[in-house]
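This report refers to the structure that appears directly beneath it.
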Ligand SMILES: [Zn+2]
């Protein structure tokens, strides 16, 4: 066998072996992905711990695991559950060594360290995360915080320079039952509800919301803005279309360009029809707006104001394995993540979430031209 044939033969063997191993790990991942989501958090570490595993397969499993692990934290439930964080850290440190550019591993590992207030441990990972993903908001927010804070220090804004965020309210629904509830007085109350609930897990305030204005449906019913059609729409919710209508709206009664806009609407879905109470919050490139179903005014059902405002500040959903309906879960918990019930969503934000909130509070203030600070 000449040299070229030998090399071709070796390449063939290599690709076959690689293909076989790849297929094996792919079928393992596929099998784990068929389990209930909370069970996957146990199945992945078990698979990763197998002694005969190759480095490539371990990395593939670690990446698959990190996509779930980044959504959960023992800090998302007031009564912290038994959780082998050290095991998770060693899995992700090893994964990080093998693939420092992988955003899911970096996210999962940085988040664990920041929630534990171990900023010095998180810093090199956050830096690699940022280097590989220079525009990733989490990477930017977390790297800044890890650079600034000594280990063990909670991340809190200075109460003297806390950012003041004005909120403008507008009633988009024509439903007369909604008009009974969605009054200017109630909207002032909504601001108080936000100030009470949009907080860190220890109760600290993170921003201060102020009532800026209110437009009733009667005041805006003649508007030229397309937004009004979403007040009682029976079409499936289309986040991009609504954002386009919002961004094109020039009517300041409907959209205050220098405030977070809080819409009261009537949510619809095919099963419950207008009894549906789904609500929404969108950061919208730091021109955030929130859409609350009128039946949830007054902080009804799963702390909706703070949860949707969390989306306005760039936070995504998280899950709490084993949570039941009344569990005091993190504000951003959603049953849609399929770890457990969304719970009561009354438990405040963690350090890693607060880092994002403060980062976007600054960007939002700049984008909306908000300059005032309290006292
Ligand atoms: Zn949500």
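What follows draws every value from the coordinates through simple rules; no lab data is involved. Note that the structure is a prediction, hence the values are computed from the model and not measured. For neighbour counting, all protein chains shown are included, and Cβ atoms are generated from backbone atoms with ideal geometry for every residue, glycine included.
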Worksheet item: Helix 137-148 versus the longest principal axis of the chain: what is the Cα-based angle in degrees, 0 to 90, to the nearest 10?
Response: 80 degrees
Discussion item. Whole angstrom only: what separates the Cα centroid of the range 258-299 from the Cα centroid of the range 333-368?
Written reply: 17 Å
Discussion item. Can you tell me the orientation of helix 37-48 relative to the chain, as the angle in degrees between its alpha-carbon axis and the longest Cα principal axis, to the nearest 10?
Written reply: 20 degrees
Practice prompt. Mind putting together the pair-distance distribution for the chain? All Cα pairs, 10 Å bins, whole percent per bin, short to long.
Written response: 5, 21, 28, 22, 14, 6, 3, 1, 0
Response to the item:
Rg from C-alpha atoms of the range 260-345, normalised by the globular rule of thumb 2.2 N^0.38 Å, equals 1.08
Worksheet, complete the sentence: Binned at 5 Å from zero, the C-alpha pair distances of the range 226-375 give percents of 2, 9, 17, 19, 21, 16, 10, 5, 1, 0
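Where does the chain land at 222 nm, in deg cm²/dmol rounded to the nearest 500, when only DSSP H runs of n ≥ 4 count, each adding -39500 (n - 2.57), divided by all residues? Let's see the in-between values first.
Details: 13 runs with 172 residues, N = 375.
About -14500 deg cm²/dmol.
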Worksheet item: Among 222, 256, which comes first, second and so on when ranked by fewest other beta-carbon atoms within 10 Å?
Response: 222, 256
Practice prompt. Calculate the length of the line joining the C-alpha centroid of the range 34-86 to that of the range 103-167, in whole Å.
Written response: 22 Å
Worksheet entry | the chain: angle of helix 3-33 to the longest principal axis, Cα-based, in degrees nearest 10 | 40 degrees
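From largest to smallest, what semi-axes in whole angstrom does the range 112-245 give when each is the square root of 5 times an eigenvalue of its alpha carbon gyration tensor? All intermediate terms of the calculation are to be shown ahead of the outcome.
Details: eigenvalues 309, 87, 28 Å².
In descending order, the three semi-axes are 39, 21, 12 Å.
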Worksheet item: Distance in nm between label sites at residue 239 and residue 24, each 7 Å beyond Cα in the beta-carbon direction?
Response: 3.9 nm
Worksheet, complete the sentence: Ranked from fewest to most other Cβ atoms within 10 Å of their own Cβ, 88, 83, 142 fall in the order 83, 88, 142
Worksheet item: Taking the inverse of the average 1/r across all pairs of different Cα atoms in the range 161-312, what Kirkwood radius in Å do you get?
Response: 15.4 Å
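Just subtract the alpha-carbon distance of residue 192 and residue 179 from 0.36 nm times their residue separation and send over the number in nm, one decimal.
Numbers: separation 13, 0.36 × 13 = 4.68 nm, distance 1.98 nm.
Answer, rounded to one decimal: 2.7 nm.
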Practice prompt. Among 277, 291, rank each residue by its count of other Cβ atoms within 10 Å, from fewest to most, as a rough exposure measure.
Written response: 277, 291
Worksheet entry | Among 182, 355, 31, residue whose mean-square fluctuation peaks in a GNM of the chain (springs only between Cα atoms under 10 Å) | 31
Fill in: Most fluctuating residue given options 34, 94, 81, as computed from a GNM of the chain linking Cα atoms under 10 Å
34
Worksheet entry | Choice from 293, 266, 238 with maximal GNM fluctuation in the chain (Cα, 10 Å cutoff) | 238
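Output the relative contact order of the range 161-312, whole-number percent, from Cα pairs under 8 angstrom with separation of 6+ residues. List each step's numbers first, then the result.
Details: 275 pairs, mean separation 43.9, N = 152.
The value is 29 percent.
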